[in-house]
Amino acid sequence: MAAATDRRPARARGAALAGLLLATLAGCSGGPKEGFTRLPTQKVRGTVLVAGQPAAGATVLFMPVGGAGPDKPAASGIVGADGSYELLTYTTGDGVPAGEYDVAVEWRGEERIGKDRLKGKYRDADKSGLRRTVPEGGGDVEPLKLD
């Protein structure tokens, strides 16, 4: 019983983080707004490996170089059991506009609770050292091989 009680705060924090990420993305890029233009997106697929193993449950964030805004939306995805992810910008599976992105990764495991297994090393897109190009027409982006 004590173990379940101890895990509730971690689950609540994980749910809050996921909710904050989705709210941020929705605020940056979702829904019709005055002056809002939905940019064309490219279907994108990638993989996240840590020490050669899939980072199942990790959250991947593609932040446009120079920062997000109405004309430069961010995109995110959740890594599956096989290490793959697909990005979404406006709706599930729609992809991301072509361009240059700084990438952030946070990995709390498949249940997305607990501490970041990457110890915050890749949490900030501006400081992660990870950058990917999304080409016109979409497709696979270079795998994220983390340590």
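Considering only segment 70-90, state which residues are assigned to a loop (DSSP other than H, G, I, E, B) and in contact with a strand residue (DSSP E or B) (Cβ under 7 Å, 6 or more places away or on another chain). Residues satisfying the conditions are A74, V79, A81, D82, G83, L87, T89. Exactly one residue out of L39, L130 is at pLDDT 95 or above and open to solvent by less than 50 Å² (accessible area, probe 1.4 Å): that is L130. For segment 79-88, residues that are out of contact with any Ser or Thr (no Cβ under 6 Å at 6 or more places or on another chain) and more than 16 Å from G138 (Cα to Cα) total 4. Condition first: under 20 Å from A81 (Cβ atoms), more than 15 Å from the chain's Cα centre (by Cα) and among the acidic types (D, E). Can you find one or more residues in segment 133-147 that meet it? Yes, because at least one residue in segment 133-147 is under 20 Å from A81 (Cβ atoms), more than 15 Å from the chain's Cα centre (by Cα) and among the acidic types (D, E).
Of all the criteria given as (1) at pLDDT 50 or above; (2) surrounded by 14 or more Cβ atoms within 10 Å (Cβ to Cβ), the one not satisfied by R13 is (1). Here is the figure for segment 74-105: residues that are under 20 Å from G52 (Cα atoms) and open to solvent by 30 Å² or more (accessible area, probe 1.4 Å) total 4.
For segment 50-69, state whether one or more residues are assigned to a loop (DSSP other than H, G, I, E, B), open to solvent by 70 Å² or more (accessible area, probe 1.4 Å), over 23 Å from D124 (Cβ atoms) and of a type in the set (G, A, S). No, segment 50-69 contains no residue that is assigned to a loop (DSSP other than H, G, I, E, B), open to solvent by 70 Å² or more (accessible area, probe 1.4 Å), over 23 Å from D124 (Cβ atoms) and of a type in the set (G, A, S).
Restricting attention to segment 54-111, which residues are hydroxyl-bearing (S, T, Y) and closer than 15 Å to R38 by Cα? Listed by number, the residues that qualify are T89, Y90, T91, T92. For D102, the stated conditions hold: it is free of Cβ contacts under 8 Å to residues at least 60 places away in the same chain and in contact with a strand residue (DSSP E or B) (Cβ under 7 Å, 6 or more places away or on another chain). Of all residues in segment 94-111, those being over 12 Å from the mean Cα position of the chain (by Cα) and either of a type in the set (G, A, S) or assigned to a loop (DSSP other than H, G, I, E, B) (or both) number 8. Per the listing G69, G80, G46, the residue uniquely modelled with pLDDT of 50 or more and closer than 18 Å to P135 by Cβ is G46.
The values are calculated or read from the model by the stated rules, or taken from the named source; none is laboratory data. A quick note: this is a predicted structure, and the numbers were derived from the prediction, not measured. Positions of Cβ are generated from backbone atoms using ideal geometry, with glycine treated the same way; all protein chains shown enter the neighbour counts. Calculation scope for accessible area: heavy atoms of the full protein, side chains included, ligands and nucleic acids excluded. Shrake-Rupley method; radii C 1.70, N 1.55, O 1.52, S 1.80 Å.
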